[in-house]
Amino acid sequence: MTADRADDRPIGMFDSGFGGLTVARAFIDLLPEEDLVYVGDTGRYPYGPRSLDQVAGFAHEIARYLVDAHDVKLLVVACNTAAAAALGTLRAQLDVPVMGVIDPGVRSLVRATETGRVGVIGTVGTVGSGAYQRAVESSGAAVDLTVAACPGFVEFVESGETDSDQVHVLAERLLAPIVEAKVDALLLGCTHYPYLARTITDVVGRDVVLVSSADETAFEALAMFHDRSPAPDEPALAPAAPGRTGTHRFVSSGDVERFRDLGARLLGPELAAAERAPWSP
Ligand code: DGL
């Protein structure tokens, strides 16, 4: 079904920092007519080692800001840790549709495997929440899942260090259970990890397919806009007017100049400026 009306309000998206830019890239490429407001909560990253309750508090604060200050029509939780902590309560409390990255990632993962031996890596918070274990189980796929937490990976990405010897040494240690399990598909269950793809591949081997949730999440948004009617309990959603060129705004709760500089390196030229989040320290 194609929506017969246009809605030029922006899509809202957030992450603890730079990681969600992997998801933003996929949205910008796949939905070029949509406006986007991205929040990187760099003043409070990393989320991974924090309690799920605290991360849920941050997620609700940012979601409220995106809805109230930017009037977003769709909220994308481009952070696995925040999705593990708060996707359900965000969906229950907000009047706009809310998408996470966990279910789209699992769908790609189970499609990618041939042997049925799959892996997921994520932050301590995400892995400890059991969200991936539950999502794989409810996908109904007959796969053998190995999960590993990778504390420290996010900090390397946030410091702009994505393929140093130090990251490699850490990856060798943290990915040992994945290598041992002989998986043939590995889901990067943290949106920062695609920036470490080269190091991760060096460690797990070129024959392991690395799966990221970014593209699948963007394709799901495309389908929500253009191909399907909302479920009865889902708020309606309409795409931006065809042919328009979307604008992209970036908000950071940390050092905005650093966010712009490193963000532009990671995302590309769309990140030409960054604004200060109202809750910045
Ligand atoms: N990108 C976030 C995720 O997907 C990283 C969380 C963190 O800040 O530790 O989980």
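Per-structure values
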quantity: Selected residue (criterion: nearest to the ligand (Cβ to nearest atom)) from residues of region 108-132 that are among the β-branched types (V, I, T) and out of contact with any Phe, Trp or Tyr (no Cβ under 9 Å at 6 or more places or on another chain); calculated: V124
quantity: Filter result (of a type in the set (D, E) and either touching a helix residue (DSSP H, G or I) at 6+ places or on another chain (Cβ under 9 Å) or assigned to a helix (DSSP H, G or I) (or both)) within region 105-145; calculated: E137
quantity: Of all residues in region 73-117 being over 16 Å from the mean Cα position of the chain (by Cα) and β-branched (V, I, T), the one that is farthest from D184 (Cα to Cα); calculated: V96
quantity: Those residues of region 1-44 which are more than 14 Å from the chain's Cα centre (by Cα) and within 16 Å of the ligand (Cβ to nearest atom), in sequence order; calculated: T42, G43, R44
quantity: Selected residue [more than 16 Å from L21 (Cβ to Cβ) and within 16 Å of the ligand (Cβ to nearest atom)] from L187, L196; calculated: L187
quantity: Single residue of G57, G88 found to be of a type in the set (G, A, S), within 20 Å of G130 (Cα to Cα) and away from the ligand (no atom under 16 Å from the Cβ); calculated: G88
quantity: Total residues in region 235-281, condition among the small types (G, A, S) and crowded, with 19+ Cβ neighbours inside 10 Å; calculated: 7
quantity: Residue, farthest from the chain's Cα centre (by Cα), within region 165-190, restricted to residues that are part of a loop (DSSP other than H, G, I, E, B) and buried (at least 16 other Cβ atoms within 10 Å of the Cβ); calculated: A181
quantity: Test result for D68, away from the ligand (no atom under 16 Å from the Cβ), among the acidic types (D, E) and not in a loop (DSSP other than H, G, I, E, B); calculated: yes
quantity: Residue within region 146-159 that is more than 16 Å from the ligand (Cβ to nearest atom), touching a Lys or Arg at 6+ places or on another chain (Cβ under 6 Å) and not in a helix (DSSP H, G or I) present; calculated: no
quantity: Cross-chain or 6+ apart pairs with Cβ under 8 Å, region 68-81 first and within 20 Å of A56 (Cα to Cα) and at pLDDT 95 or above, then assigned to a helix (DSSP H, G or I) and away from the ligand (no atom under 16 Å from the Cβ); calculated: V72/L66; L74/A221; L74/M224; L75/L66; L75/V67; V76/A221
quantity: Residue in region 165-181 that is in contact (Cβ under 8 Å) with a residue 12 or more places away in the chain, within 15 Å of the ligand (Cβ to nearest atom), in contact with a Pro (Cβ under 8 Å, 6 or more places away or on another chain) and closer than 26 Å to Y45 by Cα present; calculated: yes
quantity: Cross-chain or 6+ apart pairs with Cβ under 9 Å, region 40-53 first and part of a strand (DSSP E or B), then within 7 Å of the ligand (Cβ to nearest atom); calculated: G40/D15; G40/S16; G40/G17; G40/G19; G40/G20
quantity: Members of region 1-36 found to be aliphatic (A, V, I, L, M), outside any loop (DSSP other than H, G, I, E, B) and either farther than 24 Å from D227 by Cβ or out of contact with any helix residue (DSSP H, G or I) (no Cβ under 7 Å at 6 or more places or on another chain) (or both), listed by number; calculated: L21, I28
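Here is a yes/no grid of residues against (1) charged (D, E, K, R); (2) modelled with pLDDT under 95; (3) in a helix (DSSP H, G or I); (4) within 22 Å of L90 (Cα to Cα):
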residue: E220; (1), (2), (3), (4): yes, yes, yes, yes
residue: A231; (1), (2), (3), (4): no, yes, no, yes
residue: P235; (1), (2), (3), (4): no, yes, no, yes
residue: E257; (1), (2), (3), (4): yes, no, yes, no
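The values are calculated or read from the model by the stated rules, or taken from the named source; none is laboratory data. All of these numbers come straight from a predicted model, not from anything done at the bench. With ideal geometry, Cβ positions are generated from the backbone for all residues, glycine too; neighbour counts draw on all protein chains shown.
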